[in-house]
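A.B. asks: Before I ask anything, let me first share the structure, which is written out below as structure tokens.
The values are calculated or read from the model by the stated rules, or taken from the named source; none is laboratory data. Everything numeric in this text was worked out from a predicted model, so none of it was measured. Surface accessibility is based on the protein's heavy atoms, side chains included, excluding ligands, DNA and RNA. Shrake-Rupley method; radii C 1.70, N 1.55, O 1.52, S 1.80 Å.
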Amino acid sequence: MMNMEVNISVNIQATRKFYKVIVISVGLYESDIVNERHFADRDSAVAYTETLPAGLISLLMEV
């Protein structure tokens, strides 16, 4: 029986930022992630959050 060990290391560096918007519906007993979208620029992400209906919470993150 052969015993082989393989170690793989991956180093990925992003050269460009993007923006992620997570939309959450908060209920009395639980919360649900309704949507998750990625945008190339902050202005597009903010414009999307402004179109959401009342009662939903959005988190905007720079990644």
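A.B. asks: Just the accessible area per residue of the chain, please: how many Å² with a 1.4 Å probe?
C.D. replies: Computed with neighbouring chains in place, this is 90 Å² per residue.
A.B. asks: Under 5 Å between amide H atoms, partner at least 5 residues away or on a different chain: which partners does Phe18 have, H built in plane at 1.01 Å?
C.D. replies: Those lying under 5 Å, H to H, from Phe18 are Val63.
A.B. asks: Counting only protein heavy atoms and a 1.4 Å probe, tell me what percentage of the chain's accessible area is made up of carbon and sulfur.
C.D. replies: 53 percent
A.B. asks: Based on the Kirkwood radius over alpha-carbon pairs, what value in µm²/s does the Stokes-Einstein equation return for the translational diffusion coefficient of the chain at 10 °C and 1.306 mPa s?
C.D. replies: Roughly 109 µm²/s, to the nearest whole number.
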